[in-house]
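The values are calculated or read from the model by the stated rules, or taken from the named source; none is laboratory data. Only a predicted model underlies this, so the values are computations on that prediction, with no experimental measurement involved. Note that we place each Cβ from the backbone using ideal geometry, even for glycine, and neighbour counts take in every protein chain shown. What goes into the accessible areas is simple: the full protein's heavy atoms, side chains included, and nothing from ligands, DNA or RNA. Shrake-Rupley method; radii C 1.70, N 1.55, O 1.52, S 1.80 Å.
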Amino acid sequence: MVRSNHNVDAAREGESVGNVFTLIGGMVLLVLGIQGAIRLLVDHDNAGLMSWLPGGFAARLLGYLLIATVGVVLARSGKRRSDRSEAD
């Protein structure tokens, strides 16, 4: 009996695409968070995406830093999973 690895390869390819999307999404969130935090530090009145957030400067800065942190976690997770799937 001949067995095919076609289904296994297709599953790994789908998993790899998901890892790439996680990596890219994390990088986008990281850039948005850092860019917003820098803009807010330079010009306190320009809140950008966080203009709807009540609480003033500190809350908006914390929001941008939280977005950047989530971005780092997602990008790291996507990179690690991608490296593992390539090693298999």
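Solvent exposure of residue 77, expressed as accessible area, is near 40 Å², computed with a probe of 1.4 Å over the protein chains only. Residues of the stretch 53-75 with an amide N closer than 18 Å to a point placed 7 Å from the Cα of residue 27 along the Cα-to-Cβ direction: 68-75.
In this view, the solvent-accessible surface of residue 70, computed with a 1.4 Å probe and all protein chains in place, comes to about 70 Å². Quick check: Cα centre of the stretch 55-74 to Cα centre of the stretch 18-43, how many Å? Centre-to-centre (Cα) distance: 10 Å. Projected label points at residue 20 and residue 35, each 7 Å from Cα along the beta carbon direction, are separated by 2.2 nanometres.
Scaled against 2.2 N^0.38 Å for its residue count N, the alpha carbon radius of gyration of the stretch 44-88 is 1.71.
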